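Colleague: Once you've had a glance at the structure underneath, I'll fire off some questions.
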Amino acid sequence: MVAQSTVRLSAPGPIGHPLLGMAPAFRRDMLGTLLAGFRDYGDVVSYHIGPRWGPHPVSQDVVIAHHPDAVHEVFTGRRAISRRTNAFQVLTEFIGTGLLTSEGDVWLRQRRTLQPLFTPRRVAGYAELMAAEAARVVAEPAVAAGSTVDLHHLMQRYTLRVVGRALFGDDVEEAVPELQRLMPVMGDLALARALQVVRAPLRWPTPRARRITRVRAAQYAIVDRIIARHASRGDDHDDMLSRLHAARDPETGQPLSAEEIRDQVLVFLLAGHETTAGALTFTLYLLGRDPATQDRVAGGDADLVRAALMEGMRQYPPAYSTERLASVDTTISGYHVPAGTTVLLSSYVTHRHPDFWPDPTRFEPDRFIGQHDRPRYAYFPFGGGPRSCIGEHFALLEATILLRALLSEYRVEALDERLPLAPMITLRPAEPVRAILRHR
Ligand code: HEM
């Protein structure tokens, strides 16, 4: 008997524009396009970016795996799946080669150097400064006076101060307004560049390349000021900067170059505040539109506060999608995936998979209370496998401390029914998230 092959040909999916493929659809409405693909084609969907025939990266195949089992496979199973995708290459152009963008041995060495700063025990040591910063938010004049505030700005300020103090011994106060201005500009430029069918080298003086160069320079100027302040204080706390200065290559004994240190500081400055600020903003918005649930959470225990945060990140995962590259021919859920295909995972879509999340658009923190029998990767706000988020414990602690402090003092009223989203590198609110906080 001849064994039947279970490998099917390519996954189904929409065709898109004859020359540009699905690039315009993704550029116009990323989340809507992803959700429509799942609705129309199911658990594995293939897309094409650029003309159907042509050399990579002008012509690009993308496969999106929505089912938790396939997500599991991609995150944990394969050595042949790398990060050398368009999006990570563009991110490297913007922020250099820190822990988020490095690969192979360089990544492993960086992760080993930095991991000790993020163990649960070490993170618990940051609780005090997190509580002090949360108290500062509670006492902010605009908040206490019941004025209309932008929850997103408020949360960015909190998470920047926390990450600055914990990792660099510096509340980075002076950089807050500038980073708030730069983040959407950078997100928009990066997404546009990643979806560009033909990408000119950055050294060509196109208007977009000039804008990117300006954003990069502004970001590194902030980083250089943080590094200079740290050096001038000369304190010897075991923070991230001290660790980076002390790190030696195990083979050559060489210290890290100034460039490597700058890249690492930039990655942590950005990855360490933007996502947590989003998680807090989205959760407060959902609570702010649902007074009964908010009162229950405010009067509840730590588990219920954490469940509200988890549910906020289910509906609005700040890292809403990530990519890998299949470096050899492979299969995903039985579909053939040729070498060179970009494999995309979207927590935003999988977190709405109706097989695992009944009534997915309902805000229901109780989904995260007690036992459940969902597969591990039905929920993955922090990614998975060896490259999962190094800051997960840090973010969860910092976010729950803020939520408890704020909700015990105030009732949050989110003023707008709609929450327009801007999916860029991370998922961000597209407009200010207006709210009034009233004393309880
Ligand atoms: C709610 C907050 C956060 C969310 C939702 C989040 C999400 C994620 C996700 C999904 C990844 C994996 C990306 C991928 O697989 O492509 C990741 C990686 C990473 N995150 Fe976070 N993150 C959060 C907070 C933080 C914080 C607070 C820090 C640092 C203080 C941080 C630093 C990093 C770094 C450096 C990586 C790269 C890790 C590696 O590749 O080894 N994140 N994060």
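The values are calculated or read from the model by the stated rules, or taken from the named source; none is laboratory data. Since the model is a prediction, treat every value here as computed from it, not as a measurement. Note: accessible area is taken over every heavy atom of the protein model, side chains too, but ligands, DNA and RNA are not part of it. Shrake-Rupley method; radii C 1.70, N 1.55, O 1.52, S 1.80 Å.
Colleague: When 1/r is averaged over all different Cα pairs and the result inverted, which Kirkwood radius in Å belongs to the range 327-407?
Modeller: Numbers: mean 1/r = 0.0635 Å⁻¹.
Its Kirkwood hydrodynamic radius stands at 15.8 Å.
Colleague: Which value, in Å², gives the accessible area per residue of the range 171-248 when a 1.4 Å probe is used on the protein heavy atoms? Please report the intermediate quantities before stating the final value.
Modeller: Numbers: 3980 Å² over 78 residues.
With the other protein chains kept in place, the range 171-248 gives 51 Å² per residue.
Colleague: Quick one: accessible area per residue over the range 381-440, 1.4 Å probe, rounded to a whole number of Å²? Don't skip to the answer; put the middle values down first.
Modeller: Details: 2600 Å² over 60 residues.
Per residue, the range 381-440 has 43 Å² of solvent-accessible surface.
Colleague: Hey, in the GNM for the chain with a 10 angstrom Cα cutoff, which one of A308, A25, A326 fluctuates hardest?
Modeller: A25
Colleague: Let me check against my output: what whole-number percent is the relative contact order of the chain, with C-alpha pairs under 8 Å and at least 6 apart?
Modeller: On the way: 674 pairs, mean separation 110.8, N = 440.
Once normalised by length, the contact order is 25 percent.
Colleague: On the accessible surface of the chain, probed at 1.4 Å, how many percent belong to carbon and sulfur atoms?
Modeller: Values: 10790 of 19720 Å².
Taking all protein chains in place, the chain shows 55 percent carbon and sulfur surface.
Colleague: Once the convex hull of the alpha carbons of the range 202-287 is built, what does its volume come to per residue, in cubic angstrom? Each step should come with its number before you reach the end.
Modeller: Numbers: hull volume 14.3 nm³, N = 86.
Per residue, the Cα convex hull of the range 202-287 comes to 167 Å³.
Colleague: Rg(Cα) of the range 242-331 divided by 2.2 N^0.38 Å?
Modeller: Numbers: Rg = 20.3 Å, N = 90, 2.2 N^0.38 = 12.2 Å.
In units of the globular-protein estimate, the range 242-331 measures up at 1.67.
Colleague: State, to one decimal in nm², a quarter of the convex hull surface area for the C-alpha atoms of the range 305-374, i.e. the direction-averaged projected area. Intermediate values should be presented prior to the final figure.
Modeller: Working: hull surface 23.1 nm².
Computed as one quarter of the Cα hull surface, the answer is 5.8 nm².
Colleague: Given the convex hull over the Cα atoms of the range 124-194, what projected area results after averaging over all orientations, in nm²?
Modeller: Across all orientations, the range 124-194 yields a mean hull projection of 6.1 nm².
Colleague: Compute the distribution of all C-alpha to C-alpha distances in the range 36-166, in bins of 5 Å from 0, and list the percent of pairs in each, rounded to whole numbers.
Modeller: 2, 7, 10, 11, 13, 13, 12, 12, 10, 6, 2, 1, 0
Colleague: Based on the alpha-carbon set only, what is the convex hull volume of the range 156-253 divided per residue, in Å³?
Modeller: Taking the convex hull of the Cα positions in the range 156-253, it is 153 Å³ per residue.
Colleague: Find the accessible area per residue for the range 102-144; the probe is 1.4 Å, ligands and nucleic acids are left out, and the unit is Å².
Modeller: On the way: 2190 Å² over 43 residues.
Each residue of the range 102-144 exposes 51 Å² on average to a 1.4 Å probe.
Colleague: Something else now. With each run of n ≥ 4 DSSP H residues scored as -39500 (n - 2.57), what mean residue ellipticity at 222 nm is computed for the chain after dividing by its residue count and rounding to the nearest 500 deg cm²/dmol?
Modeller: Working: 18 runs with 204 residues, N = 440.
Estimated from H runs of four or more residues: -14000 deg cm²/dmol.
Colleague: May I pose another question? Give me P(r) over the range 283-440, computed from all C-alpha to C-alpha distances, binned every 10 Å, as integer percentages.
Modeller: 9, 34, 35, 15, 6, 1
Colleague: What percent does the relative contact order of the range 126-258 come to when contacts are Cα pairs within less than 8 Å and at least six residues apart? Intermediate values should be presented prior to the final figure.
Modeller: Details: 74 pairs, mean separation 26.1, N = 133.
So the answer I get is 20 percent.
Colleague: Considering all alpha-carbon pairs of the chain, what whole percent are spaced by more than 27 angstrom? The partial results should precede the final answer.
Modeller: On the way: 52748 of 96580 pairs.
When every Cα pair of the chain is considered, 55 percent fall beyond 27 Å.
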